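K.L.:
Here it is: the structure, laid out below.
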Amino acid sequence: APAQVAAPPTPEPGLIDRDKVPSTIQTLTPQDFQPWVAPTVTDALTRVVPSVSTSDTAVNPFQPDLTYRGFLASPTVGTPQGLAIYQNGVRINESFGDTVNWDFIPERAIRRLDVFPSNPVFGLNAIGGAISIEMKNGFNYKGGEIEGIVGSFGRRSVGAQYGAEKDNVSFYAAADAINDSGWRQ
């Protein structure tokens, strides 16, 4: 029997055959987004994908500038943007300034993240590449979990997720909370 081929990683599943993309596509899975491994989306990208780096111009660990092969995805208005970010096939770059609010992407709810180098399929504003994020839903995540983490300087975090399916209806919910005392007064 022929091997089953997984759905290609594209902004809209099934749009492009992965074998026809003339570049290497990096894929991250839910294990890459575990809070004890990488507490934010940008931390996970920095750890796994070559040519990714972050800088902290907004002085906020949840709103860094992400650089991929010299092109930027930033929450700062006025910064020249070069990466297109898609969530479940919908572009989430803000319409004014093309900025990206990284803190609005719930890491716990990510099912798969693909990083595409420059490709004209993603449009003119994706000259540096595109990031496609597929989120969990009740059809592809069933069950639930709750976890808590404590760390240095009074850091504590709690997170939960639950997914269920019945017939053609599904439900998925996720929640995270994090707090710390900081490393200085």
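Per-residue answers, yes or no, for (1) open to solvent by less than 60 Å² (accessible area, probe 1.4 Å); (2) in a strand (DSSP E or B):
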| position | (1), (2) |
| --- | --- |
| V115 | yes, yes |
| V121 | no, no |
| I131 | yes, yes |
| N140 | yes, no |
| G144 | yes, yes |
| A160 | yes, yes |
| I178 | no, yes |
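K.L.:
On to the next question. Only one of (1) among the acidic types (D, E); (2) open to solvent by less than 10 Å² (accessible area, probe 1.4 Å); (3) free of Cβ contacts under 8 Å to residues at least 60 places away in the same chain is not met by E94, so which one is it?
P.N.:
Here E94 clears every test but (2).
K.L.:
Tally time: how many residues in region 77-88 are farther than 19 Å from D114 by Cβ and exposed (fewer than 15 other Cβ atoms within 10 Å of the Cβ)?
P.N.:
The qualifying residues number 3.
K.L.:
Please go through (1) within 17 Å of I25 (Cα to Cα); (2) within 17 Å of the chain's Cα centre (by Cα) for T54 and return the number of the only condition it doesn't satisfy.
P.N.:
Of (1) within 17 Å of I25 (Cα to Cα); (2) within 17 Å of the chain's Cα centre (by Cα), only one is false for T54: (1).
The values are calculated or read from the model by the stated rules, or taken from the named source; none is laboratory data. Quick caveat: nothing in here was measured; it's all calculated off a predicted structure. Virtual Cβ from ideal backbone geometry, glycine too; neighbours counted across all protein chains shown. Side chains are part of the model used for accessible areas, which takes the heavy atoms of the whole protein and leaves out ligands, DNA and RNA. Shrake-Rupley method; radii C 1.70, N 1.55, O 1.52, S 1.80 Å.
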